[in-house]
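Have a look at the structure below, then the notes.
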Amino acid sequence: MLIERADVIVTSPGRNFVTLKITTDDGVVGYGDGTLNGRELAVAAYLTDHVVPLLTGRDAHAIEDTWQYLYRGAYWRRGPVTMAAIAAVDTALWDIKAKVAGLPLYQLLGGASRERCLVYGHASGKDIPELFDSIRKHLDEGFRAIRIQTGVPGLDSVYGVASSAAASVGGAGSDSRYDYEPARRSALPTEETWDTRAYLRHVPSVFEAVRGEFGEDIALLHDAHHRLTPIQAAKLGKSLEPYDLFWLEDVTPAENQEALRWVRHHTTTPLAIGEVFNSVWDYQHLIREQLIDYVRSPVTHAGGITSVRRIMDYAAMYQVKSGMHGPTDVSPVGLAAAVHLGLALHNFGIQEYMVHSEQTREVFGPTYEFAGGGLRPGEEPGLGIHVDEELAAQYPYERAYLPVNRLRDGTVHDW
Ligand code: EZ4
Ligand code: CO
């Protein structure tokens, strides 16, 4: 079975997505997600100009060989654009293989290791009352694990806090958008102001209030979005220990693996990192030295199912679990791939789940289902994705940037 053609679909049903569609000579179609938030067209061009010409005529079943051919064959290793493009190819080929086998993809990955993949939603509020409303909404919808982000007194807007109360309560059953931060469509990035001391003073009081109101049972998570130094991160981890977090995410900038050693020495709060990583090499020391508890790489940004499974097999030796990134900028194709893989992985931990907008769901037609606080992939052969290409064509690309962050004195800071 040969690859006959590969087409790149760029669509923007509320936000931009890059999808690769591979068609075989016997007419089997597979989809893969290559969306890279704010840099979508770079992946689209990488695919169209450099990868698609290599795919036609290749054996559609030779997934490992194609992965190695695109990774080693390019000579230029890793990088988010390359690895998102490879992910799109890899995922589409797995979709095809599972369709040909007549099995849902998770069956090819070893079968189900659990009934469903535990997910966490995003609760946020500019203040505590608004945050509580958002948490209640998520609990009503069945979420059992919730990420908590709030405004910080003195700062206008803060990462992860929905810009309106209506947006902050959107959950699984709701159509309200809460992919606040990435999809602001302006000609230039929005700029936010940041003050680490104000943040570090405020966060523990938020978790104290949340535990006081909602009890000990819910799994609570928090994302520091790469903004702290190792010693600040250590301080935050220690100050949150009484509130028993499921994890503290991205405490320091991701490039320096050594930083996590300092954090680890000071706190027992579990650590998650890696949503901006794109290869197993980014985790080499973190996993071997047991400096983290959860791997954040999603299928979409780390080379696809083939390579994320490889990362997770390595992680399993050290009791490190998966915690795949699942914001709305990972398309339903990427989320479907993550849920199939997560269902099969023995060392699955949790899956991030930001609900896509109604428009997005109409374009991609995902069949995964949210129930009992978790996601389950559909039972149909393949990924269980039905792209409506005519509808997709009605939503042309619109340039959109992630925000930029500055300290009070104007210095550019990590976002
Ligand atoms: O900032 O998806 O944990 N989730 C996050 C996300 C990321 C965006 C980047 O595209 O940190 O909100
Ligand atoms: Co994050």
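Descriptive notes on the structure:
- At the residue level, Thr268 shows approximately 120 square angstrom of accessible surface with a 1.4 angstrom probe and all protein chains present.
- Residue (of Trp281, Val299, Val29) at the positive-pole extreme of the chain, dipole from beta-carbon charges: Trp281
- Shown are Glu369, Glu380, whose ranking by accessible area with a 1.4 Å probe and every protein chain present, most to least, is Glu369, Glu380.
- Placing a pseudo-label 7 Å from each Cα along the Cα-to-Cβ vector at Ala198 and Tyr314 gives an inter-label distance of 4.0 nm.
- Gain in span if fully extended, Glu398 to Trp262, counting 0.36 nm per residue against the direct Cα distance: 44.8 nm
- Pairwise FRET efficiency - Asp414 versus Leu2, Cβ, R0 = 45 Å, nearest 0.05: 0.50
- Taking chymotrypsin sites (Phe, Trp or Tyr not before Pro) across segment 323-400, the ones in a DSSP loop with at most 14 further Cβ atoms lying within 10 angstrom of their Cβ are Tyr397.
- For Lys97, the solvent-accessible surface computed with a 1.4 Å probe is close to 50 Å², ligands and nucleic acids excluded.
- Between Asp59 and Trp281, the distance separating the two model label sites (each 7 Å from Cα on the Cα→Cβ line) works out to 2.8 nm.
- For segment 117-380, relative contact order (Cα pairs under 8 Å, six or more residues apart, normalised by length) works out to 18 percent.
- The mean sequence separation of alpha-carbon pairs under 8 Å and at least six residues apart, normalised by the residue count of segment 1-89, gives a relative contact order of 33 percent.
- Of Lys235/Lys321; Lys21/Lys137; Lys126/Lys321; Lys238/Lys321, pairs whose Cα-Cα distance is over 26 Å: Lys21/Lys137; Lys126/Lys321
- Solvent-accessible area of segment 117-380 (1.4 angstrom probe, protein heavy atoms only): carbon and sulfur portion equals 52 percent.
- Evaluated with a Cβ-only charge set (Lys, Arg +1; Asp, Glu -1), the chain carries a dipole of roughly 920 debye about its Cα centre, given to the nearest 20.
- Listed residues His222, His50 arranged by accessible area, highest first, probe 1.4 Å: His50, His222
- Largest accessible area first, the listed residues Trp94, Trp415 line up as Trp415, Trp94 when surface is computed with a 1.4 Å probe on the assembled protein chains.
- In the context of the full set of protein chains, residues of the chain present 38 Å² of accessible surface per residue (probe radius 1.4 Å, heavy atoms only).
- For Arg136 and Asp49, the difference between the fully extended length at 0.36 nm per residue and the C-alpha to C-alpha distance is 26.6 nm.
- Based on DSSP H segments of at least four residues, each scored -39500 (n - 2.57), the chain has a per-residue ellipticity at 222 nm of -10000 deg cm²/dmol.
The values are calculated or read from the model by the stated rules, or taken from the named source; none is laboratory data. None of the values given here were measured: they were computed from a predicted structure. With ideal geometry, Cβ positions are generated from the backbone for all residues, glycine too; neighbour counts draw on all protein chains shown. Please note that ligands, DNA and RNA were not included when accessible areas were found on the heavy atoms of the full protein model with its side chains. Shrake-Rupley method; radii C 1.70, N 1.55, O 1.52, S 1.80 Å.
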